[in-house]
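The values are calculated or read from the model by the stated rules, or taken from the named source; none is laboratory data. The structure presented is a predicted model; accordingly, all values stated were derived computationally and were not measured. All Cβ positions, even for glycine, are placed from backbone atoms using ideal geometry, and neighbour counts span all protein chains on display.
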Amino acid sequence: MNDYLLKLYITGQTPRSVQAVRNLERICKEKLKGQYRMVVIDVLERPQLAEDEKILATPTLIKELPSPLRRIIGDLSDTEKVLLGLDLLMVSESAHAKGDRE
Amino acid sequence: MTEQLQEQPVLEKLATGIPGFDSLAVGGLTKGRATLLSGTAGSAKTVFAAQFLAEGIRGPGEAGVFITFEESPADIRRNMLGFGWDIAKWEEEGKWAFVDASPQPAEEAAIEAGKYDLGALMARIENAVRETDAKRVSVDSLGAIFTQFADAHMVRAELFRIATVLKQLNVTSILTAERAEEFGPISRYGVEEFVADNVIVLRNALEAEKRRRTVEILKFRGTNHQKGEYPFTVMPGQGIIVIPLSAIELSQKSSDNRVTSGSPEMDKMCGGGFFRDSVILVSGATGCGKTLMVTEFANGGAAMGEKCLIFAFEESRGQLFRNASGWGVDFEKWENEGRLKVVCAYPESAGLEDHLINMKAVIDEFKPNRIAVDSLSALERVSTIKGFREFVISLTSFIKHQEVAGLFTAVTPTLMGGPSVTETHISTITDSIILLRYVEMFGEVHRGITVLKMRGSAHDKDIREVTIDGSGMHIGEAFSGVTGILSGMPMHVVAGEAERLGEMFGAEVAVRG
């Protein structure tokens, strides 16, 4: 499996920021099993980085590696959407999940 | 009570520097507040927003931040270069900063996984304002941000936050918003107008197959402004120029000095010549001597050492010069001596607003003592009636402010006279009106002239005969025994009748009759 490079842009210690960090840590531990690097960037301290990446919403998670690059916005509480964004949710798996619901 | 009222701090204004706009806004936008600029697609919102920053940099040297939700900074830099605004250079000098929130086309739409806000954008705006020490901020356009996020509620709440942050940063800002119709709701999402203290509407309405740009200040919290729509134009190399109409005050001085009309007989009819700072309207059918009066007017001025400017909208330079020499006037000599300038233009070559601005620019540059426009009515056909009226008022006020003599010609629609649109709109503004009319007598056509109105002076009330030859215009005797010339239906009055009329109205008429 390729190593993941994940950048999480947050604004200070707001509840949403704290929530996003926690959610991401949990998902990474469960699904990536140590094969990732996670960088948390506080845009209040480093606004220029947000400018360079043209980030509007916070929290924003950018999956830089492996390609393709993907943006996920929100506090990451919707685990299924996060997994989809990280390409961790296999197509068969998602179809299966849908089947379960029916 | 009154003292308390006086102690209220007066809202400080920030002059935008956009030509003409500050007089509408009575000094400019309120300092430290947000102004919403609403308009349909193509109503020059982005130009206005960019010019607001550009004029700040060029004038008082205030830095600006441009937050774009729509066009990319690269596009804006390129588009605005045509107005002479070198944004890239200003960016290098730290006077202009972009906050690029435009949609990123190369990427897939972001996946939304949970709640979010626009905290990062807010941090970027604050950062850009602090870094450049900006005094002005433009946001273009608010509506476009709704298309980037699914959660419209969140966007609404965040727009309020952006407005609040801008106020806290103590910057004067312009926020643009797109509207769907020229005379419908102010903005597409119905919230944009609530985030701003002031609302300005730009229109680009189609009226009688012609586009007419106007700007209107709709709401100006806590301060005064001019009401109604004002025309503006977007000029290459200059940007937006607003044409204030009623904002022009009737403050011109009036002069008792007389100048020659170029014809001694005409001067006599006017009681000694035209006033130096007056506007004269010459009305007549085609071919009855209007251009000749313009030629004599210019020649008379040049002979006295004055500078004359002729705007010709009907004839080419060559035709004018040839005609002049036919009447014994050497335009070429005056031009070589710098006393005459002839500007020829097709009325259709530009919109009326553009004509007006071009004319003002020439007047400012040449600084003439007298100005002639031949003919004003040729410009009627490139505009709507309303637009034409505004043009005439604006041109007249401008000329009066220069304290120069102005001679306008107007063509009447029928040979024998009758009113024209030009006359209707201009007659109350002009100081003098001279009528040239054809007079049919015993199967012959003669030309008649009369001074209908001459503000502040006695003048000849007769209708006199005009003859034209190789040395110009000659004014002869009054028509006798004819009535109804002005109504276009001349009738001969037999001698007995004239005498009877003379008795009715007293000795004066009898002598003339």
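Worth pointing out:
- Meets criteria (among the aromatic types (Phe, Trp, Tyr) and either facing chain B (nearest Cβ under 10 Å) or on the phi > 0 side of the Ramachandran plot (or both)) for residue A:36: no
- Of all residues making up region B:8-33, the number that are part of a loop (DSSP other than H, G, I, E, B), at negative phi and touching a strand residue (DSSP E or B) at 6+ places or on another chain (Cβ under 9 Å): 9
- Only helices (runs of 4 or more DSSP H) whose full extent lies in region B:55-150 are considered here, and the ones with at least 1 residues that are away from chain A (no Cβ under 14 Å) are B:73-81, B:87-92.
- The single condition among (1) surrounded by 21 or more Cβ atoms within 10 Å (Cβ to Cβ); (2) within 20 Å of residue B:67 (Cα to Cα) that residue A:74 does not meet is (2).
- When each of B:260, B:286, B:295 is tested for being modelled with pLDDT of 85 or more and within 25 Å of residue B:379 (Cβ to Cβ), the lone residue that passes is B:295.
- Being crowded, with 23+ Cβ neighbours inside 10 Å and closer than 28 Å to residue A:18 by Cα is a description that applies to residue B:113.
- All of (1) more than 16 Å from residue B:432 (Cα to Cα); (2) not in a helix (DSSP H, G or I) hold for residue B:261 with one exception: (1).
For every residue, the table says whether it meets (1) surrounded by 17 or more Cβ atoms within 10 Å (Cβ to Cβ); (2) modelled with pLDDT under 85.
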position	(1), (2)
B:161	no, no
B:175	yes, no
B:186	yes, yes
B:189	yes, yes
B:207	no, yes
B:210	no, yes
B:232	yes, no
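- Residues that are under 22 Å from residue A:53 (Cα atoms), in contact (Cβ under 8 Å) with a residue 40 or more places away in the chain and facing chain B (nearest Cβ under 7 Å), drawn from region A:67-90: A:74, A:75, A:76, A:82
- Some residue of region B:384-407 being of a type in the set (S, T, N, Q) and within 15 Å of residue B:285 (Cβ to Cβ): no
For every residue, the table says whether it meets (1) among the β-branched types (Val, Ile, Thr); (2) crowded, with 17+ Cβ neighbours inside 10 Å; (3) in contact with a Leu (Cβ under 6 Å, 6 or more places away or on another chain).
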{"position": "B:324", "(1), (2), (3)": "no, yes, no"}
{"position": "B:330", "(1), (2), (3)": "no, no, no"}
{"position": "B:335", "(1), (2), (3)": "no, no, no"}
{"position": "B:357", "(1), (2), (3)": "yes, yes, no"}
{"position": "B:371", "(1), (2), (3)": "yes, yes, yes"}
{"position": "B:377", "(1), (2), (3)": "no, yes, no"}
{"position": "B:387", "(1), (2), (3)": "no, yes, yes"}
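- With respect to the conditions (1) hydrophobic (A, V, I, L, M, F, W, C); (2) part of a strand (DSSP E or B); (3) surrounded by fewer than 22 Cβ atoms within 10 Å (Cβ to Cβ), residue A:61 falls short on a single one, namely (3).
- Test: residue in region A:38-47 that is exposed (fewer than 14 other Cβ atoms within 10 Å of the Cβ) and either at pLDDT below 90 or within 30 Å of residue B:73 (Cα to Cα) (or both): yes
- Selection within region A:1-27 - surrounded by 20 or more Cβ atoms within 10 Å (Cβ to Cβ) and either part of a loop (DSSP other than H, G, I, E, B) or more than 12 Å from every other protein chain (Cβ to nearest Cβ) (or both): A:6, A:11
- Neighbours by Cβ (under 8 Å, 6+ apart or cross-chain): first from region A:11-22, farther than 12 Å from residue A:74 by Cβ; second at pLDDT 90 or above and surrounded by fewer than 21 Cβ atoms within 10 Å (Cβ to Cβ): A:11/A:42; A:11/A:44; A:12/A:42; A:12/A:44; A:21/A:40
- Among the residues of region B:309-322, those identified as surrounded by 14 or more Cβ atoms within 10 Å (Cβ to Cβ) and either out of contact with any Pro (no Cβ under 9 Å at 6 or more places or on another chain) or within 17 Å of residue B:473 (Cβ to Cβ) (or both) are B:310, B:311, B:312, B:315, B:317, B:320, B:321.
- Any chance residue A:54 is within 8 Å of chain B (Cβ to nearest Cβ), modelled with pLDDT under 90 and more than 15 Å from the chain's Cα centre (by Cα): yes
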